[in-house]
1. Among the residues of the stretch 1-48, count how many are in a loop (DSSP other than H, G, I, E, B), surrounded by 15 or more Cβ atoms within 10 Å (Cβ to Cβ) and in contact with a strand residue (DSSP E or B) (Cβ under 6 Å, 6 or more places away or on another chain).
2. Every residue in the stretch 147-170 that is assigned to a loop (DSSP other than H, G, I, E, B) and in contact (Cβ under 8 Å) with a residue 24 or more places away in the chain, please.
3. Among the candidates E25, E70, which residue alone is free of Cβ contacts under 8 Å to residues at least 12 places away in the same chain and in the same structural domain as S112 (by TED's automatic domain parsing)?
4. Would a scan of the stretch 171-192 turn up a residue that is at pLDDT 90 or above, surrounded by 13 or more Cβ atoms within 10 Å (Cβ to Cβ), in a helix (DSSP H, G or I) and touching a Leu at 6+ places or on another chain (Cβ under 6 Å)?
Amino acid sequence: MKRVLRIAIADDHEIVRNGLSMIIENTEGMQVDIAASSHHELLDMLEKYQIDILILDLNLGDLNGLGSLESVTKHYPSLPVLVLSAYPEEEYAVRAFKLGALGYLNKAVNASELIEAIHTIENGKPYISKTLAQTLPYGTQLERETKDISEILSKRELEVFTLIGQGKSSTEIADILSLSPKTISTYRSRIIEKLMLTSRTQLQRFAYEWLSGV
């Protein structure tokens, strides 16, 4: 029998709690065990129930902003937290991730993406919305964990990037790929731009780390 995912919801608006509960309860393999309206109530209920995932609003009545998230991740560091907030992703998401959140969604999200986010963080992977992904530099640890580099680089750029990670010089790469050193230099510049890096030295280090799985 498939394990049921036990979910907690913390939001100070009853209509939001009810709406989220309806979506989750209508999804196979999920159930809502906690629906808290305040930070104090949430902590009290987390002591009584074994929860798999917490969906957290940042604007709880008794503890606003990121304070509730910081408190929860401090007391329950292994509990995956999905922030669902009206606050703009580009302003709050990175800060939320730094405080221990595993996912961040704006409340304008549709039901299918909410369920996708829950399944993603259930497996221990961070979830970033498509909107947020467009604003994050690839070089951040968060983006590195959630986006395949092959989605960023072309096939030829990926070949050059891999050879850079192997410590090959532009001349050596040119010989291997039967291209001119000038063309390889152009590819290097494109890769630096696409990965939002700042120098060839940073590119070489990043390529080595990526290839080594660091």
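The values are calculated or read from the model by the stated rules, or taken from the named source; none is laboratory data. Computed from a predicted model, the values in this text were never measured in an experiment. Positions of Cβ are generated from backbone atoms using ideal geometry, with glycine treated the same way; all protein chains shown enter the neighbour counts.
1. 2
2. Just the residues of the stretch 147-170 that are assigned to a loop (DSSP other than H, G, I, E, B), to begin with: 147-148, 152-154, 166-169.
Answer for the stretch 147-170, where residues must be assigned to a loop (DSSP other than H, G, I, E, B) and in contact (Cβ under 8 Å) with a residue 24 or more places away in the chain: I152, L153, Q166, G167.
3. Values: E70 fails: free of Cβ contacts under 8 Å to residues at least 12 places away in the same chain.
The unique qualifying residue is E25.
4. Yes; the residues of the stretch 171-192 include at least one that is at pLDDT 90 or above, surrounded by 13 or more Cβ atoms within 10 Å (Cβ to Cβ), in a helix (DSSP H, G or I) and touching a Leu at 6+ places or on another chain (Cβ under 6 Å).
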